[in-house]
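In what follows, a structure is listed as structure tokens, so that the remarks can point back to it.
The values are calculated or read from the model by the stated rules, or taken from the named source; none is laboratory data. Just so it is clear, the structure is predicted and the values come from calculations on it, not from any experiment. Positions of Cβ are generated from backbone atoms using ideal geometry, with glycine treated the same way; all protein chains shown enter the neighbour counts.
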Amino acid sequence: MRLFYTLTTAIATLTQLAMAEDEPLPPKLTLLYRMSADLADGIPIDNIPGGKSRTIIPIIGGTFKGPRLSGKILNIGADWLLTDSGGKTRPDTRYVLQTDDGEIIYIQTEGLPPKTNAPNVPNMLRGKFETNRNGTVGWLNDVAAIATLRVKDPKTVLIDMWQAEPAEWSMEKL
């Protein structure tokens with residue numbers, strides 16, 4: 001009888017685990033930083049293949065601040081903004097950050113267009129970091145990052161960059 005109870009309990013636990021694995025597990029988002037980026041006048045390239053246009057917008061400075069890192073944006077980089085024939089934009093950036101303790105971070109983002117052309121609708125971005133693996137922010141190399149980009153004015157954009165991580169999983173969720 002004791003063996004039957006043990007087997008039944010084990011099967012029930014395994015069934016609950018299997019069911020839990022089938023449940024969607026949303027990521028946990030942690031703020032990396034809020035950025036205010038200063039922009040220069042864009043350089044338009046119209047009528048590129050596919051009926052689109054590209055505007056090269058120099059990123060000339062700014063600041064970022066978050067719980068684990070803060071610093072300034074160096075005057076190295078740009079947004080190679082792609083605009084489709086319907087007017088929707090796709091940011092495509094490469095630029096350089098310098099933390100308050102001197103670490104250099106290369107960042108590349110790729111944006112998705114807003115679902116509407118209405119004003120003040122943010123773009124979603126995917127971010128990728130490269131920095132010294134042995135530096136104080138070397139952990140950024142392994143971060144899955146997403147962000148929102150909002151236009152504050154013609155010369156400034158605001159970016160909230162988030163780290164996406166697996167949510168905490170525990171037996172208590174069964």
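Quick notes
- Per-region count, region 40-97, residues within 17 Å of the chain's Cα centre (by Cα) and of a type in the set (Asp, Glu): 2
- In the set (1) over 24 Å from Arg54 (Cα atoms); (2) modelled with pLDDT of 95 or more, Gly77 fails one condition alone, (1).
- Those strands (runs of 3 or more DSSP E) of region 80-174 in which at least 2 residues are over 29 Å from Gly51 (Cβ atoms) and in contact with a helix residue (DSSP H, G or I) (Cβ under 6 Å, 6 or more places away or on another chain), considering only elements entirely within it, cover 123-131.
- Tally of residues being surrounded by fewer than 16 Cβ atoms within 10 Å (Cβ to Cβ) and in contact with a strand residue (DSSP E or B) (Cβ under 8 Å, 6 or more places away or on another chain) across region 81-95: 3
- Count - residues of region 56-79 that are aromatic (Phe, Trp, Tyr) and surrounded by fewer than 15 Cβ atoms within 10 Å (Cβ to Cβ): 0
- Filtered residues of region 42-57 (kept if over 30 Å from Thr30 (Cβ atoms) and part of a strand (DSSP E or B)): Ile43, Pro44, Ile45, Asp46, Asn47, Ile48, Lys52, Ser53, Arg54, Thr55, Ile56
- Some residue of region 141-148 being modelled with pLDDT of 95 or more and loosely packed, with under 12 Cβ neighbours inside 10 Å: yes
- Restricting Lys115, Lys128, Lys152 to those that are of a type in the set (Lys, Arg), at pLDDT below 95 and under 22 Å from Thr63 (Cβ atoms) reduces the list to Lys152.
- Residue among Tyr95, Tyr33 that alone is of a type in the set (Phe, Trp, Tyr), within 21 Å of Val121 (Cα to Cα) and at pLDDT 95 or above: Tyr33
- Among residues of region 106-132 that are within 14 Å of Asp84 (Cβ to Cβ) and surrounded by fewer than 18 Cβ atoms within 10 Å (Cβ to Cβ), those with a Cβ under 8 angstrom from a residue that is modelled with pLDDT under 95 and of a type in the set (Gly, Ala, Ser), sequence gap 6+ or separate chain, pair up as Asn117/Gly86; Asn117/Gly87.
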